[in-house]
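Data block below; observations after.
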Amino acid sequence: MKTIASVALACVFVLPQLHAQENRLPKEIIVGKERAKTRKEIHLPEIDGYQLLKCDFHMHSVFSDGIVWPTLRIHEAWEDGLDALSITEHIEGQPARQGIEKGNHNFSFEIARREAALRGILLIRGAEITRSMPPGHLNALFLKDINPLDQKDYMKVFEEAHNQGAFIFWNHPGWGVKEIKWHAVHDTLYQKGWLNGIEVYNEFEWYPLALNWVNEKNLTLMANSDVHDVTERLYDFRTMSMRPMTLVLSRERTEEGLREALFARRTIAYFYNTLMGKEEWLEKFFHASIEIRPPHYTTSSHRVLHIRNKSDVPFLLHKADTEAERYPAKIELPAGQSVLVMIPAESGIHSVAYEVENAIVTPERKLRVKLF
Ligand code: ZN
């Protein structure tokens with residue numbers, strides 16, 4: 001009896017004491033707070049009346065060999081400022097996690113669809129046709145039903161995808177091969193109109209030879225993450241401002257707009273502050289981003305200009321004109337900022353050619369622009 005009474009008393013004493021200790025936590029300890037879920041707004045110019053839609057058309061979830069749920073892909077895409085994405089699960093030999101349903105290839109899309117609609121971003125139904133090389137891995141976008149693509153003969157798979165109106169592109173042509181090569185089967189697919197684009201950039205690498213194929217054969221240039229992990233774990237956003245993406249020059253921000261633009265080859269690859277694409281689009285991108293104001297200060301020897309970069313893509317220019325001696329050798333135009341540039345007062349030169357270091361047209365050639 002005595003023992004029970006002591007225990008009861010002890011409880012009366014000990015419990016309020018513990019409570020009091022909690023309240024004595026020093027004030028300077030900051031209690032955690034949930035991170036605000038915000039979207040990074042990426043400012044890009046309009047080109048010829050086309051919007052530049054920010055897209056990632058290659059990624060995975062637990063429904064193939066990724067490690068995240070499909071809805072997380074939507075949250076990431078929205079926060080990273082994307083307009084459109086496709087979760088492209090492998091069709092063949094799905095190494096999905098144990099306990100996850102296999103067989104219904106549309107399931108991943110269906111889970112993610114509502115989240116995408118809620119956030120106003122475009123979710124494109126797509127899948128990855130995953131074969132050994134050749135033909136390698138190819139993504140089909142804008143599919144109506146992925147299940148009929150689950151069959152043995154890959155030519156039948158491509159035919160089915162094509163008949164569903166799919167846009168088909170070759171993924172990471174240089175991944176896992178000793179030599180990057182355009183095989184006979186790629187030619188067959190290309191001749192039939194079943195190969196519409198190539199991923200010139202994938203995850204962390206780009207393939208110069210693939211850029212040549214895109215240019216020679218007039219295919220669509222693609223840059224995608226192929227993320228399997230959480231995007232923020234794959235890419236270090238302390239050292240890069242944006243995840244890799246395909247910029248699509250689209251008439252409208254709709255699935256049909258995207259589809260039309262992809263088949264019409266209107267894309268720019270964007271990765272690690274580098275733009276890659278047709279000279280025409282890169283040139284227009286540059287000039288639509290840059291505003292050069294008339295000189296605001298002039299001396300007998302110099303004029304001072306204010307150059308503003310309105311876009312979120314920085315530019316690094318190197319003078320290509322050897323004649324234009326007194327013009328700056330290098331001009332850096334940071335994203336969303338202005339710089340002052342000093343040029344000769346009267347040089348008799350009306351335009352000076354600069355090479356844009358981070359705008360690639362071919363593996364050997366950068367974009368050239370005329371300034372001043
Ligand atoms: Zn993939």
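The values are calculated or read from the model by the stated rules, or taken from the named source; none is laboratory data. The structure displayed is predicted, hence computed values, not measured ones. Note: ideal-geometry Cβ built from the backbone for every residue, glycine included; neighbour counts use all protein chains shown. The area values use the complete protein model at the heavy-atom level, side chains included, leaving out ligands, DNA and RNA. Shrake-Rupley method; radii C 1.70, N 1.55, O 1.52, S 1.80 Å.
Among the listed pairs 144/192; 217/366; 156/278; 217/330; 144/310; 181/310, give every one whose C-alpha distance is greater than 30 Å.
As for pairs spanning more than 30 Å Cα to Cα, those are 156/278; 217/330; 144/310; 181/310.
If packing is taken as the average count of other Cβ atoms within 10 Å, what order do 50-60, 233-243 fall into, highest mean first?
Answer by packing, highest mean first, reads 50-60, 233-243.
Shape verdict for the stretch 285-371, please, from the Cα gyration tensor: rounded (a/c under 1.5), prolate (a/b greater than b/c) or oblate.
Oblate is the answer for the stretch 285-371, as a/c is 1.5 or above yet b/c matches or exceeds a/b.
Please give the peptides 353-366, 76-89 ranked by average Cβ packing (other Cβ atoms within 10 Å per residue), highest first, as a rough proxy for protection.
76-89, 353-366
Normalising by the residue count of the chain, find the relative contact order in percent from Cα pairs under 8 Å and 6+ residues apart.
13
Of 158, 242, 190, which is farthest on the positive side of the dipole of the chain, counting Cα position, with +1 on Lys and Arg Cβ, -1 on Asp and Glu Cβ, and the Cα centre as origin?
242
So what is the accessible area of the chain per residue, in Å², with the probe set to 1.4 Å?
Per residue, the chain has an accessible area of 50 Å².
To the nearest 20 debye, what charge dipole does the chain have about its Cα centre, counting +1 at the Cβ of each Lys and Arg and -1 at the Cβ of each Asp and Glu?
Result for the chain is approximately 860 debye, rounded to the nearest 20.
Give the Debye-formula value of log10 I(q)/I(0) at each listed q (0.10, 0.17, 0.18, 0.21 Å⁻¹), with one equal scatterer per alpha carbon of the stretch 109-231, two decimals each.
Per q value, in the given order, log10 I(q)/I(0) is -0.32, -0.91, -1.01, -1.29.
Give the relative contact order (percent, whole number) for the stretch 285-371; include only Cα pairs under 8 Å separated by 6+ residues.
Relative contact order, the stretch 285-371: 27 percent.
If you average the alpha carbon positions of the stretch 272-288 and of the stretch 330-360, how far apart do those two centres end up, in angstrom?
Rounded to whole Å, the Cα centres lie 16 Å apart.
Within the stretch 269-303, which residues have the backbone N less than 20 Å from the label spot 7 Å out from residue 340 along Cα→beta-carbon, could you tell me?
Hits in the stretch 269-303 for residue 340 at 20 Å: 291-303.
Between the stretch 194-259 and the stretch 38-64, what is the C-alpha centre distance in whole Å?
10
Need the list of aspartates and glutamates near residue 40 for cross-linking: C-alpha distance under 13 angstrom, and skip anything on the same chain fewer than eight residues off.
Straight-line reach from residue 40, under 13 Å: 76, 79, 80, 83, 312.
Assuming a ≥ b ≥ c are the square roots of the Cα gyration tensor eigenvalues, decide whether the stretch 51-272 counts as rounded (a/c under 1.5), prolate (otherwise, with a/b larger than b/c) or oblate.
Rounded, since a/c falls under 1.5.
What is the magnitude of the charge dipole of the stretch 65-206 about its Cα centre, with +1 placed on the Cβ of each Lys and Arg, -1 on the Cβ of each Asp and Glu, and no other charges, expressed in debye to the nearest 20?
Dipole about the Cα centre, nearest 20: 280 debye.
Provide the descending list of Cα extents for the chain along its principal axes, expressed in whole angstroms.
109, 66, 39
Could you tell me what percent of the accessible area of the chain is made up of carbon and sulfur, with a 1.4 Å probe and every protein chain present?
Here it works out to 53 percent.
Kindly identify the stretch 166-272 as rounded, prolate or oblate by the Cα gyration tensor criterion: order the square roots of the eigenvalues as a ≥ b ≥ c, call it rounded if a/c is under 1.5, otherwise compare a/b with b/c, prolate if a/b is larger, else oblate.
oblate
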